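Heads up: the structure comes next, in C-alpha cells.
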Amino acid sequence: MILAPAKLGLLGGGQLGRYFVMAAHELGYEVTVLDPDPDSVAGRIADEHLIASYEDEKALMHLAGSCQVVTTEFENVPATSLARLEAHLPVRPGARILEICQDRLLEKSFFAMQGLPHAPFSVVRSEADIMGADPGLFPGILKVSRFGYDGKGQAVVQDRQAARDAFLDFGGALCVLERKLQLDSEVSVILARDPSGNCAAFPLVENRHKGGILDFSLAPAALPAELAEEIRRVAFGIAERLGYVGVLAIEFFIVGGKLCLNELAPRPHNSGHYSLDACITSQFEQQVRAICGLPLGSTELLSNAAMFNLLGDIWFRNEAVCEPNWSKLLAADGLKLHLYGKKKASPGRKMGHLTLLGRDCGEIARAGQRFRDSLL
Ligand code: ADP
Ligand code: MG
C-alpha cells in the first residue's frame, strides 16, 4: 500500500485531474501534476506543477524520483513517456494499456480478438481502402484512429464519396470506418481494479450525446437487470484481461436490446461525475485508492442523479464572452453546481457541470434541462 503523505504523480491537468488532486488531498496525499499548460486547472491546485511537455526527460525523471506512483487523466499522453516512467515506479494503468486506448484501431482489434461485440469496422489507410470497404459499413462514421475526442476527428459518411472527402479532410490520417448503428441508448460503466485484482463498479449510467459530446447522464441507467449484469461481467473481464490497475470507463451502445462495445477510457470519465455527489466514494477517490492499493471504496448510490455538462457555448452572448448568471442554480434545492476554473471559455469546451439529486430520474432530467436552458 502506498500510504499518505506519499506523493502521487499525474500526467495531464484538466478537470479530471483537478478532481483527482482534490480527492488525493482529502486522503492526505500530495500530488505533482505534469502538464505543459501554465493555466492547467489541476496544476494550479497541485502541490507541484511541472510545466513541461509530456516528453520532457527532466520532468519525467523528477516525477520518477519524487513520486510513489504515477497515473494519467487523459489518454493522449505519449505511451513512450509512461514506458520510460515504468522503469522506475508503478504506472497505473500501464503504458501498454494507454497505447491500446489511445488508438481506436488497436482498441477495436482488442475487442475483436477477445470476441467481444463491437460495431463492424474496417481500417482505412488509403483512399483505396475506402473504395474496397464492405458496402455494409455505409452509412458509416469515419473516425481518426488517434487523438479524437468529444466527437472531434469524426464524420458521418453516407457513401464512399463522402468517406473519401472526410478522409482527405483528416489529412489522410489512419482511420477506422465504422457502421453507423441505430442506438437504443448509450451506457457506460466506471470500474476500478486494484493491484490485487479486486474490482468494483459504479452503478451503470445512461448517456445522451449532442454533436458527439456528452450532453447529460442519468444514474442509474434504466436497463433490464440481465443486460446490466452482462455489461458488468464484460467490463470486469476486460479489466482482468488487460491486467488493469486504476479507474477504467467503458462506453457501450445498446443496439436491438443487445450490448455493443464502443470505447475504453483509461481514467475517470465525464459520465462518472455524478459519483462526486451521489455516491459514498467518487470515481476520483476510487482512482486514488486503486493506484495506491488501498481497499476500494463503496460505490453505493445514495440517490438517483442527473448530470448535465456546461459547455463554453453558454459563456457567449452576442459574440461577447460573459460569465453566466448562476444565481438560479445556486439557489435550487437538490442541485449542485461544479465549475472547473478554466480561464477561457470556448464553444464545446467543458467548463463545468451540474448534478441534480432526486428520486425520479425523469423528473431530475427535466429539471436539469430547465435549469441549464435558463442560463441561455
Ligand atoms: P469520442 O472519443 O469522441 O467519445 P466515440 O466513438 O465515443 O468518440 O463517439 C462519440 C459519439 O458518437 C458516441 O457516444 C455516439 O453517440 C456516436 N457514435 C459513435 N460511433 C457510433 C456508431 N458506430 N454508431 C452510432 N453512433 C455512434
Ligand atoms: Mg466516446
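The values are calculated or read from the model by the stated rules, or taken from the named source; none is laboratory data. None of the values given here were measured: they were computed from a predicted structure. Cβ atoms come from the backbone with ideal geometry, glycine included; neighbour counts cover every protein chain shown. Ligands, DNA and RNA are stripped out before the accessible areas are found, and what is left, the full protein with its side chains, is counted by its heavy atoms. Shrake-Rupley method; radii C 1.70, N 1.55, O 1.52, S 1.80 Å.
Brief remarks on what is shown
- Taking each residue of the range 60-77 that is assigned by TED's automatic domain parsing to the domain that holds L248 and looking for partners that are surrounded by fewer than 24 Cβ atoms within 10 Å (Cβ to Cβ) with beta-carbon atoms closer than 6 Å, six or more apart or interchain, yields nothing.
- When the residues of the range 197-219 are filtered to those that are within 16 Å of ligand 2 (Cβ to nearest atom) and among the hydrophobic types (A, V, I, L, M, F, W, C), the one that is surrounded by the fewest Cβ atoms within 10 Å (Cβ to Cβ) is I213.
- Qualifying residue in the range 126-142 (condition: without any contact (Cβ under 8 Å) to a residue 60 or more places away in the chain, crowded, with 23+ Cβ neighbours inside 10 Å and in contact with a Cys (Cβ under 8 Å, 6 or more places away or on another chain)): yes
- Residue satisfying all of: in the range 259-292; part of a strand (DSSP E or B) and in contact with a helix residue (DSSP H, G or I) (Cβ under 8 Å, 6 or more places away or on another chain); farthest from V69 (Cα to Cα) among these: L259
- Once the range 175-196 is narrowed to residues that are out of contact with any helix residue (DSSP H, G or I) (no Cβ under 7 Å at 6 or more places or on another chain) and either outside any strand (DSSP E or B) or open to solvent by 60 Å² or more (accessible area, probe 1.4 Å) (or both), the residue that is farthest from ligand 2 (Cβ to nearest atom) is S196.
- Residues of the range 65-77 satisfying the condition of being in contact with a strand residue (DSSP E or B) (Cβ under 6 Å, 6 or more places away or on another chain) and open to solvent by 20 Å² or more (accessible area, probe 1.4 Å): S66
- Within the range 234-252, being of a type outside the set (V, I, T) and crowded, with 21+ Cβ neighbours inside 10 Å holds for A235, A239, Y244, G246, L248, A249, F252.
- Per-region count, the range 78-97, residues crowded, with 18+ Cβ neighbours inside 10 Å and either under 26 Å from G28 (Cβ atoms) or within 16 Å of ligand 2 (Cβ to nearest atom) (or both): 7
- Residues that are out of contact with any Ser or Thr (no Cβ under 7 Å at 6 or more places or on another chain), on the phi < 0 side of the Ramachandran plot and away from ligand 2 (no atom under 11 Å from the Cβ) within the range 240-260 comprise E240, R241, L242, Y244, V245, V247, L248, V255, K258, L259, C260, listed in sequence order.
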